[in-house]
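As structure tokens, the structure follows; a few thoughts come after it.
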Amino acid sequence: MKIDQSSEMPLYKQIENYLREEISSGKYNDGSFLPREQKLANQFGVSRNTVRQGIVNLVNEGILKRTAGKGTVLAERTITTKLSEWHSFRNEMQKKGIVLKDYMVNAEFEYAPDEAYEKLKVDSNKKLFKLERLRGDKVAPFVYFISWFHPRIKLNEHEDYTKSLYSILEEENSIVPIYSEEELDAIEADEKIAEYLQIEKQKPILFRKRLVSDVGERPIEFNLGYYRSDKFTYSIRFERK
């Protein structure tokens with residue numbers, strides 16, 4: 001547990017980054033206590049206040065939780081995502097200290113539902129590239145994604161889709177997602193979704209539709225997301241004009 005005293009990065013930020021990496025690596029389980037602040041201060045060779053400052057962002061993000069008289073504990077992973085902040089899902093989970101696990105990845109060309117052709121503005125007489133991903137943490141899956149892509153997006157079955165999808169689009173296809181239109185609903189899990197998410201059939205889940213477009217507002221991806229409601233929430237902030 002070493003930090004660089006000569007670095008331009010503040011000591012508290014180095015401590016924050018170190019703890020974030022430790023959490024991301026899976027060293028701590030939900031409910032596990034971190035070492036006491038004084039112990040961390042001794043190990044890092046800094047003041048207790050510096051350690052506390054390094055922990056505060058992780059607490060504010062909901063990764064850690066302070067428990068009176070007991071110490072700092074790894075919070076239970078009820079994931080909150082902000083509609084005002086749109087990121088790659090993998091990058092978003094990494095930022096929250098969650099090691100993302102792909103339980104299932106399936107890529108193929110297939111005829112799509114009518115709504116996908118309508119959203120992507122494509123004739124329904126051709127197959128579209130379909131990407132399915134069942135994702136979660138090391139404990140269990142918590143989200144099932146189905147994505148349909150416009151035919152001009154040259155994706156294929158042989159790509160490594162355990163990587164960030166938007167990185168693949170940008171780095172390998174020169175396509176930059178800019179706009180996202182979202183629809184949210186609460187629905188009951190059917191038999192297939194319940195099996196995937198390891199929940200009871202007809203249990204309420206969060207259902208999201210997303211249309212992704214480029215800078216010219218041309219459709220790129222129509223995505224359906226099915227989220228475990230006990231593991232995932234959406235946070236919405238509006239500004240009064």
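Helix 11-24 and the long axis of the chain differ in direction by around 50°, with both axes built from C-alpha atoms. The packing ranking, built from the mean of other Cβ atoms within 10 Å per residue, places the peptides 152-158, 20-26, 126-132 in the order 126-132, 20-26, 152-158, highest first.
About its Cα centre, the dipole of the chain is roughly 1200 debye, where the only charges are +1 on Lys and Arg Cβ and -1 on Asp and Glu Cβ.
Across the chain, the relative contact order, built from alpha-carbon pairs under 8 Å that are at least six residues apart, equals 17 percent. Given the alternatives (i) 150; (ii) 109; (iii) 180, volume of the Cα convex hull per residue in Å³ as computed for this entry is given by (iii). Straight-line cross-link partners of K39 among the lysines, defined as a Cα under 25 Å from its Cα and at least 8 positions apart when in the same chain: K2, K13, K27, K65, K70, K96.
Centre-to-centre separation between the Cα atoms of segment 1-51 and those of segment 181-231: 36 Å. Going from the fewest other Cβ atoms within 10 Å to the most, the residues F109, F89 appear in the order F109, F89.
In the chain, helices alone account for a calculated mean residue ellipticity at 222 nm of -7500 deg cm²/dmol, with every DSSP H run of four or more residues adding -39,500 (n - 2.57). Here's the picture: charge each Lys and Arg Cβ at +1 and each Asp and Glu Cβ at -1 in the chain, and of A194, N156, G69 the one pushed furthest to the positive end of that dipole is G69. When each of the peptides 200-210, 136-146 is scored by how many other beta carbons lie within 10 Å of its residues on average, the order from highest to lowest is 136-146, 200-210. Could you tell me which of N173, Y111, S24 has its Cα farthest along the dipole of the chain towards the positive end, charges placed at Cβ (Lys, Arg +1; Asp, Glu -1), taken about the Cα centre? Of the listed residues, the answer is S24.
Laboratory data are not the source of any read-out in this text; all were calculated from the coordinates shown. In this text the structure is predicted, and so the values were computed from the model without any measurement. Backbone-built Cβ (ideal geometry, glycine too); neighbour counts: all protein chains shown.
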